[in-house]
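Notes for the one structure printed next.
Values quoted throughout were computed directly from the atomic coordinates according to the rules given, and no laboratory measurement underlies them. This one's a predicted model, so the numbers in the text were calculated from it and none came from an experiment. We place every Cβ from the backbone using ideal geometry, glycine too, and count neighbours over all the protein chains shown.
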Amino acid sequence: SHKIILDTDPGIDDAMAIFFAFQSPDIEVLGLTTVFGNVPVDMAARNALTLCELAGQEIPVTKGVGMPWVGPESTYAHFVHGDDGFGNINFPASNRELDPRSSAQFIVDMARQYPGEITLVAIGPLGNLALALRLEPELPKLVKGVSIMGGAAFVRGNVTPVAEANIWNDAHAAEIVFAADWDLTMFGLDVTNAVPFKPSFMETLKGKNEKLGGFVFNAAKFYTDFYSANRDDRVCFFHDAFPLAHLIQPALFELTEGHVRVATDALNRGQTIVAPEGTTASPLWTEANKIKVATGVDHSKLEQLFIDTYAR
Ligand code: BDR
Ligand code: CA
């Protein structure tokens, strides 16, 4: 099974993804590392502990970066995820204690302990991964790969016309992570926004798994209100579960490759710009790291994978 560290800012789709990882026999979660993003980092860390306690998982949880690499404190996404990050469901917070290490230090320690074995799965802004690269420049050689939820390669953004939230929230950190010499795969809005989930899906998760699916069912009401405000049907999007689904069943996805950079300037901050091979002679692009970009996914098989995994 795949050893992973799940870097997260819970967050409703984060919660859905974390439980999916816990339930999967093909994934071993070594720890949850938290970062600011949907909510402030203190809340992200507490929420991660709460999700572990609910799921009966004793793994380490760390607190990480609380600010973007450059610029002022973030604005957070309470309007998407609720005041509590869980859709205002008044779920009792865990009293468990955090691992005392920073998220970046934990990532480095684990990578040294299991050289070549760990996939870093990042489903929030990328500050912890950028800081881990600064703490241990050899990190790319020590991990197996990196899979992220973030970016919008060939589709529009969700925060600005060109930027997706995780990348927009810490564009400088993202540029560092994208430029590092490791095997990086990006699951952006190209695939995650292509798969709307109806309330019947959340009901199915609850029916299959009262505790974990029931939590997602409750939290997703507020989240679905947000996503449905400008459309006729009621749906929501489980962005963060996609990189995990790819680890478990890579055949569900179509990927392309390209040199990718992250824009950090004001107007296009957070844009993930893909230059396919041979399209430019500029070293700004030809020397940029080549990464894999998810462009397509089998909707019905993906939905079935989520359901079957929650049912275990
Ligand atoms: C991403 O931003 C957050 O709101 C979600 O948790 C997801 O990681 C989607 O753009
Ligand atoms: Ca997230």
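Brief remarks on what is shown
- Amide H contacts of Ser147 (H built 1.01 Å from N, under 5 Å, at least 5 apart or other chain): Leu120, Val121, Ala122, Thr185
- The chain: antiparallel DSSP beta bridges as a percent of all, rounded to 5: 35
- Dipole check for the range 88-141: with +1 at the C-beta of Lys and Arg, -1 at the C-beta of Asp and Glu, and the Cα centre as origin, the magnitude is about 80 Debye.
- Projecting the Cα atoms of Val29, Asn230, Trp182 onto the charge dipole of the chain, computed from C-beta unit charges around the Cα centre, puts Asn230 farthest toward the positive end.
- The chain - charge dipole about Cα centre, Lys and Arg +1 at Cβ, Asp and Glu -1, debye rounded to 20: 200
- Scaled to the globular estimate 2.2 N^0.38 Å, the Cα spread of the chain, given as radius of gyration, is 0.92.
- Partner aspartates and glutamates for Lys211 [C-alpha distance under 18 Å; skip if fewer than 8 residues away on the same chain]: Asp13, Asp14, Glu53, Glu58, Glu203, Asp308
- Contact order for the chain, expressed relative to its length and based on alpha carbon pairs under 8 Å spaced 6+ residues apart, stands at 19 percent.
- Dipole check for the range 167-312: with +1 at the C-beta of Lys and Arg, -1 at the C-beta of Asp and Glu, and the Cα centre as origin, the magnitude is about 520 Debye.
- Table column - 3J(HN,Hα) (Hz), the range 40-50, Karplus curve with 6.51, -1.76, 1.60, x for Gly and Pro: x, 5, 4, 6, 4, 5, 4, 4, 5, 4, 4
- Charge tally for Ser228 (other residues, Cβ to Cβ under 14 Å; Lys, Arg +1; Asp, Glu -1): +1.
- Each other residue within a Cβ distance under 12 Å of Leu6 adds +1 if Lys or Arg and -1 if Asp or Glu, for a net charge of -4.
- Under 5 Å, built H, 5+ apart or other chain: amide partners of Gly87: Gly82
- Coupling constants for the range 219-227 follow from the phi torsions by the Karplus curve (6.51 cos²θ - 1.76 cosθ + 1.60, θ = phi - 60°), and in residue order they are 5, 6, 5, 4, 4, 5, 4, 4, 5 Hz; glycine and proline get x.
- Value at 222 nm in deg cm²/dmol, rounded to 500, when DSSP H runs of n ≥ 4 in the chain each add -39,500 (n - 2.57): -11000 deg cm²/dmol
- Peptide packing: for 71-83, 36-48, the average count of neighbouring Cβ atoms within 10 Å per residue gives the ranking 36-48, 71-83, highest mean first.
- Proximal charge balance of Arg101 [Cβ under 11 Å; K/R count +1, D/E count -1]: -1
- Values of log10 I(q)/I(0), in the order q = 0.11, 0.16, 0.22, 0.24 Å⁻¹, for the range 222-285 under a Debye, Cα-only, solvent-free model: -0.51, -0.90, -0.98, -0.98
- Restraint check, Lys208/Lys301; Lys144/Lys206; Lys221/Lys301; Lys144/Lys301, Cα-Cα greater than 28 Å: Lys144/Lys206
- Backbone geometry of the range 268-279 corresponds, through the Karplus equation with coefficients 6.51, -1.76 and 1.60 at θ = phi - 60°, to 3J(HN,Hα) couplings of 10, 3, x, 5, 9, 9, 9, 10, x, 2, x, 8 Hz, x marking Gly and Pro.
- Per residue, the convex hull spanned by the Cα atoms of the range 127-250 amounts to 135 cubic angstrom.
- Amide H contacts of Thr264 (H built 1.01 Å from N, in plane; Pro and chain starts excluded): Gly270 sit under 5 Å, all sequence-distant by 5 or more or on other chains.
- Per residue Cα convex hull volume in Å³ - calculated over the range 1-135: 95
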